[in-house]
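Note sheet for the following structure.
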Amino acid sequence: MIVYLLPFLLLFPVFSAMCVALVPRHNTHTIRVLSFVSSLIVFIASLTALVAFDNKCEHFQFVTKIDWVYGSNVSFYLGIDGISLFFILLTTFLVPLCFLSGWKSVTKYVKEYCISFLLLETCVLGVFCTLDFLVFYFFFEALLLPMFALIGVFGARSRKIKAAYQFFLYTLLGSLLMLLALLVLYLQAGTSDYQVLLSLEISNRKQLLLWLALFVAFAVKVPLIPLHIWLPEAHVEAPTSGSVILAGVLLKLGAYGFLRFSIALFPFASEYFGPFIYVLCAVNIVYASLTALRMVDLKKIIAYSSIAHIGFVIIGLFSLNVQGIEGALLLMLSHGVVASGLFLCVGVLYDRTHTRLIHYYGGLVLTIPLFAFSFLVLIIGNISVPGTSSFVGESIVLFGMLQTSTPIAVVSAGSIVLGTAYSLWLYNRVVLGSLKRKYTLFFADLSRRECSILFPILFLTLFMGLCPGLFLKPMHLSVAKALRGGI
Amino acid sequence: MMFYASFLEGFRLLNVEIFIAISTLALLLFGACYSTSTLKKYPLLIESVASVSLLALSCAFLLTGALPWVKHEHAFSKAFTVDSFTVSFKIIVLLGTLSSLAIATTYLKGKTLQAFEHVTLLLFATLGTLLIISSLDFITLYLSVEIQSLCFYVLAASKRRSEFSIEAGLKYFLLGAFSSTLLIIGISLVYCASGSFNFEIVSHASHQLSIESEGLLIAALKLRLLQLGTFFIAISILFKLHAIPFGVWAPDVYEGTPSAFTALFTIAPKVAFIGVFVKLLCLSFWDLFASLKCLLLFCSLLSLLIGALGSLAQRKVKRLLVYSSMSHVGFILTGLLVGSQCGIVGATLYVFIYAAISTHAFALLLSCTENEGLHSIKYTKDLSFLSQRNKALALSSSVLFISMIGLPPFIGFVGKFAVFQSAMLDTSLLPFVLLALISSVLTCFYYLRLIKIVHFSTLNARTALTLQAVGREKATLLGITFCFLLFGFWSPESLISWVETVVYLYFN
């Protein structure tokens with residue numbers, strides 16, 4: 001039974017998207033319920049993966065192989081290890097929340113919205129599940145299309161089209177370079193099976209070139225500083241649920257790619273380019289934090305804070321030791337939860353007032369305390385105060401980094417202060433202070449639906465901070481294996 | 001008696017072409033007699049002639065399917081050849097023609113172009129195209145190219161009242177005549193050097209010459225002549241494929257040609273000339289390939305870049321489609337210039353997929369007919385808000401554009417992947433591949449713009465018109481090609497193995 005788990009995870013959203021397509025358009029309630037329930041089913045199914053996962057096995061688990069093109073050694077080869085397990089869980093956890101968050105705010109084209117979300121879920125899960133580079137590539141590209149539609153159709157302003165373009169073109173340029181690298185590997189190995197590629201002997205010069213090609217693809221997705229322009233735009237223009245899935249999952253695809261492919265396949269190049277990455281990430285963290293400080297749009301602030309946190313993640317990955325990588329993974333999970341929560345909070349505000357500019361907010365704690373509380377917990381999580389999930393992640397990353405390069409560790413540790421600055425500034429402006437009655441007359445606290453979205457996220461933020469061991473344990477062997485070059 | 005038997009054998013092998021020729025002549029005769037009948041008050045025969053010719057083409061398609069699936073059989077003293085490679089190309093050409101005729105009939109019925117001669121011309125052009133594919137001799141090649149082109153010139157100018165159409169016909173004629181001249185020069189040079197018109201004999205001669213040219217001055221000279229001839233022939237084929245810089249005329253011609261025939265112009269000649277190019281390369285000029293590589297590289301690079309950049313500035317849908325077909329030709333040439341089996345497989349696969357994609361594109365273009373005055377779409381902005389006017393068309397157009405970009409879940413990716421894969425085998429081509437990649441990102445830009453126009457743009461006074469219901473033939477065609485675009489990606493196996501079998505045949 002458990003063998004069919006991964007195909008089920010991939011196919012069930014597609015199947016339910018087909019079902020949704022059959023429901024008449026005016027029947028929006030049925031469409032919403034149907035897609036929400038099916039995403040919940042996927043989530044529960046993915047929980048069985050967590051239960052059935054064997055922590056003591058370093059091989060890929062739940063392996064399924066379905067031949068695709070005869071004679072080309074390309075197949076739908078699915079399997080997960082400790083690294084991808086939590087990303088899958090994160091994705092399946094966030095998608096039902098996204099459906100809930102768009103319950104009231106998405107009123108036009110509900111059917112298309114649900115279908116593209118379900119297809120997006122399949123593509124993202126496909127990226128995390130697959131053990132074949134070519135299949136990885138095509139899921140990686142295919143998810144552009146539903147995401148393009150989500151930003152371009154369901155965004156709020158007319159600028160959304162520009163944002164959708166930028167998102168698409170940036171990512172496409174990167175992924176086409178990845179296609180070239182993939183072809184080189186495919187032609188050398190005669191197959192695109194990931195595990196075979198791991199055992200491939202690649203000359204140092206070739207490693208450097210391939211690493212650079214993959215670097216562009218993943219750095220766009222992550223994004224790292226010179227290639228980050230699309231992200232704030234996309235975040236601002238996307239609907240709340242789009243931002244959640246973008247911050248929560250899509251940004252991790254790049255980091256996941258770095259770990260799976262750049263680090264595991266090209267150890268020499270990863271070490272060679274280490275200093276380059278460190279400097280880039282240090283610049284990334286400081287620049288993004290400072291930029292976040294001068295933004296006036298709530299979503300942009302959180303977008304830049306995402307960029308800063310992802311800088312930490314990449315530093316952790318390229319510290320190339322077990323601590324650094326595990327810390328990075330934990331930080332990614334934590335950021336996936338916290339940033340999604342923050343975007344959901346912004347969405348809550350936006351649904352009520354239809355503005356995202358800080359200027360119009362103030363003193364919300366007086367009128368909507370439940371919201372103020374949830375926002376506080378998430379902001380604390382964003383600052384990485386001890387007891388929240390980010391604290392564990394960031395401190396382990398710094399442990400790892402200290403072993404590799406002290407100055408970079410010092411710079412990045414120092415910039416946590418900057419993170420504190422913009423997070424507190426944001427909270428202070430929005431929630432504390434005097435109430436601005438001039439702009440808003442009616443306030444409503446979190447509804448039951450919004451509570452049921454936010455509270456699981458708050459719970460996870462604190463739970464991951466208090467019991468990180470539960471999350472780290474399944475990772476140990478897989479991370480150690482990835483560091484050894486997968487052998 | 002011997003001669004008689006081989007003659008009959010020739011009839012058996014070329015039965016498709018002969019069938020089309022006879023049925024076309026019969027139709028012409030029928031039309032000529034019947035349309036001048038005073039008793040019937042000069043009936044318009046377009047409808048009956050079109051349906052009979054659809055039937056004839058379908059029969060020809062079935063006959064092609066029944067042709068022997070073999071390696072090289074010669075007909076009419078080696079003037080023509082029949083083998084699985086040519087049969088495959090014929091199948092694709094016939095499918096393309098069949099669908100373009102099906103697309104065209106409703107258009108022709110509604111327009112002032114109600115002359116049955118157009119349909120017979122289309123059939124003659126098909127005959128020429130099929131003969132191009134099967135020819136094994138430079139003379140038959142030249143003559144069949146002429147049959148095809150002459151019909152095309154007339155078809156391009158068939159909308160007599162339109163300045164655009166006349167311009168298109170004239171331009172097509174002048175430049176087509178020029179390229180025919182180049183073909184003739186090339187053929188005569190090749191004949192000078194090798195003493196034969198037959199592809200296979202030329203191949204032997206060139207092989208012999210390239211061995212002898214080490215020592216013998218005269219052989220070296222002949223080899224040069226042969227190379228020059230090949231060069232000219234290649235240029236004239238590139239003319240027909242409208243690869244830049246030899247295809248700058250294409251946008252004007254395609255724009256002016258009545259939309260019904262543009263589909264035919266895009267699909268049939270391209271498939272046929274790629275087929276004949278591959279055949280020439282494999283059968284005759286394999287030893288001379290190195291001298292052609294430079295030309296191909298140049299053309300392919302220019303086509304990719306001009307195709308991508310030129311289309312950014314276009315406002316008319318047909319011009320846009322021509323520019324996009326230029327960049328597709330660039331990709332096909334990329335496959336050819338690799339010069340290996342793998343590359344030729346890639347190029348052939350790309351051509352076949354391209355034929356399906358452009359059939360879909362033209363069926364879509366002609367389906368978007370507005371109610372008032374049967375006005376078909378001309379400018380890209382006329383497509384705006386298609387998603388509100390006809391959801392199915394909007395969906396299929398998005399799938400079409402995405403497969404033209406070559407993104408994974410659709411069939412376009414298979415072709416692009418095959419071409420890139422073969423190009424990566426040759427490390428010296430790496431910079432070129434990078435440029436091709438950049439150009440494909442550029443093309444993505446305007447396809448996305450089309451998707452944006454279809455889905456995101458708002459209503460204005462012009463686009464508020466409702467669309468006519470899509471006709472039966474076009475709906476069937478759209479459905480079939482849509483399924484191919486959508487599901488072809490998931491099981492490309494049969495297509496790939498088909499192409500591989502027919503191409504490997506020429507190498508072994």
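From the Kirkwood radius over Cα pairs of the protein assembly as shown, Stokes-Einstein at 10 °C and 1.306 mPa s returns a whole-number translational diffusion coefficient of 52 µm²/s. Taking other Cβ atoms within 10 Å as a rough exposure proxy, A:Lys300, B:Lys78, A:Lys221, A:Lys160 sort from fewest to most as B:Lys78, A:Lys300, A:Lys160, A:Lys221. Working note: Cα gyration tensor of region A:135-251, eigenvalues times five, square-rooted, sorted largest first, giving semi-axes of 31, 14, 11 Å.
How much of the DSSP beta bridge set in the protein assembly as shown is antiparallel, as a percent to the nearest 5?
95 percent
For B:Lys270, the aspartates and glutamates whose Cα falls under 18 Å of its own Cα, not counting residues fewer than eight places away in the same chain, are B:Glu146, B:Asp252, B:Glu255. Which angle from 0 to 90°, rounded to the nearest 10, does the C-alpha axis of helix A:5-22 make with the longest principal axis of chain A? So the inclination is approximately 50 degrees.
Each part gets one Cα centre, and for region A:220-290 versus region B:251-290 those centres are 45 Å apart.
Database remark: amide H of A:Tyr77 closer than 5 angstrom to the amide H of A:Ile66, A:Leu131, A:Asp132 (H placed geometrically; neighbours at sequence offset of 5 or more, or on other chains; Pro and chain starts carry no H).
Among the lysines, select those whose C-alpha is under 21 Å from the C-alpha of A:Lys481, and discard any that sit fewer than 8 residues away in the same chain. Cα-Cα hits under 21 Å: A:Lys56, A:Lys252, A:Lys473. Across chain A, the mean sequence separation of Cα contacts (distance under 8 Å, 6 or more residues apart), normalised by length, yields a relative contact order of 16 percent. Listed values for region B:219-232 are Karplus-derived 3J(HN,Hα) couplings in whole Hz (6.51 cos²θ - 1.76 cosθ + 1.60, θ = phi - 60°), namely 5, 4, 4, 5, 4, 4, 4, 4, 4, 4, x, 4, 4, 5, and x replaces Gly and Pro.
Using bins of 10 Å that start at zero, the share of Cα-Cα pairs per bin across region B:43-85 amounts to 25, 31, 24, 16, 4, in whole %.
Expressed in nm², what is the orientationally averaged projection area of the convex hull enclosing the Cα positions of region B:210-302?
6.5 nm²
Need one number for region A:13-58: average projected area of the convex hull over its C-alpha atoms, nm². Projected over every direction and averaged, the Cα hull of region A:13-58 covers 3.7 nm². Taken about its Cα centre, region A:96-210 carries a charge dipole of roughly 740 debye when the Cβ of each Lys and Arg holds +1 and the Cβ of each Asp and Glu holds -1. In plain terms, the residue of B:Lys318, B:Lys416, B:Lys381 with the fewest other Cβ atoms within 10 Å comes first and the most crowded comes last, giving B:Lys381, B:Lys318, B:Lys416. Within a straight-line Cα-Cα reach of under 14 Å, B:Lys78 can be paired with the following aspartates and glutamates, leaving aside sequence neighbours fewer than 8 residues apart in one chain: B:Glu9, B:Asp137, B:Glu200.
Summarising the amide proton neighbourhood of B:Phe80: residues at separation of 5 or more, or on other chains, whose placed amide H is nearer than 5 Å comprise B:Ala75, B:Leu136.
Taken as Cα centroids, region B:477-505 and region A:388-456 sit 52 Å apart, rounded to the nearest whole angstrom. Of the two radii for region A:1-148, the radius of gyration is 1.00 times the Kirkwood radius, both from the alpha carbons; that is the Rg over Rh value. The alpha carbon centroids of region A:69-88 and region B:173-188 are separated by 54 Å.
For chain A, find the longest principal axis of its Cα atoms and tell me its angle to the long axis of helix A:389-404, 0 to 90°, nearest 10. Around 40 degrees separate the two axes.
Under conditions of 10 °C and 1.306 mPa s, region A:362-487 yields 93 µm² s⁻¹ as its translational diffusion coefficient, taking Rh as the Kirkwood radius over Cα pairs in the Stokes-Einstein equation. Spread over its residues, the convex hull of the C-alpha atoms of region A:438-487 is 156 Å³ per residue. Treating each Cα of chain A as one equal point scatterer and applying the Debye formula with no solvent, the log10 of I(q)/I(0) at q = 0.08, 0.13 Å⁻¹ comes out as -0.44, -1.23.
Charged side chains reduced to their Cβ positions (Lys and Arg at +1, Asp and Glu at -1) give the protein assembly as shown a dipole of some 3100 debye around its Cα centre.
Pairwise Cα separations in region B:297-370 fall into 5 Å bins from 0 onward with the following percentages, short to long: 4, 17, 21, 21, 19, 10, 6, 2, 1, 0.
Peptide B:403-415 has a mean shielding of 3, counted as Cβ atoms of other protein chains within 10 Å of each residue's Cβ. Dividing the mean sequence gap of close Cα pairs (under 8 Å, 6+ apart) by how many residues chain B holds gives a relative contact order of 13 percent. Relative to the longest principal axis of the Cα atoms of chain A, the long axis of helix A:28-52 lies at roughly 50 degrees. For region B:452-457, 3J(HN,Hα) computed residue by residue from phi via the Karplus equation (6.51, -1.76, 1.60; θ = phi - 60°) reads 4, 4, 5, 9, 9, 7 Hz, glycine and proline entered as x. Projecting the Cα atoms of A:Cys345, A:Gly311, A:Ser389 onto the charge dipole of region A:305-441 (Cβ charges, centred on the Cα centre) puts A:Cys345 farthest toward the positive pole. Size descriptors for chain B (Cα atoms only): Rg and Dmax, in that order, 22.6, 77 Å.
Every read-out reported here was derived from the displayed coordinates using simple, explicitly stated rules and does not represent laboratory data. What you see is a predicted model, and the numbers here were worked out from it, not measured in a lab. All Cβ positions, glycine included, derive from the backbone under ideal geometry; neighbour counts span all protein chains shown.
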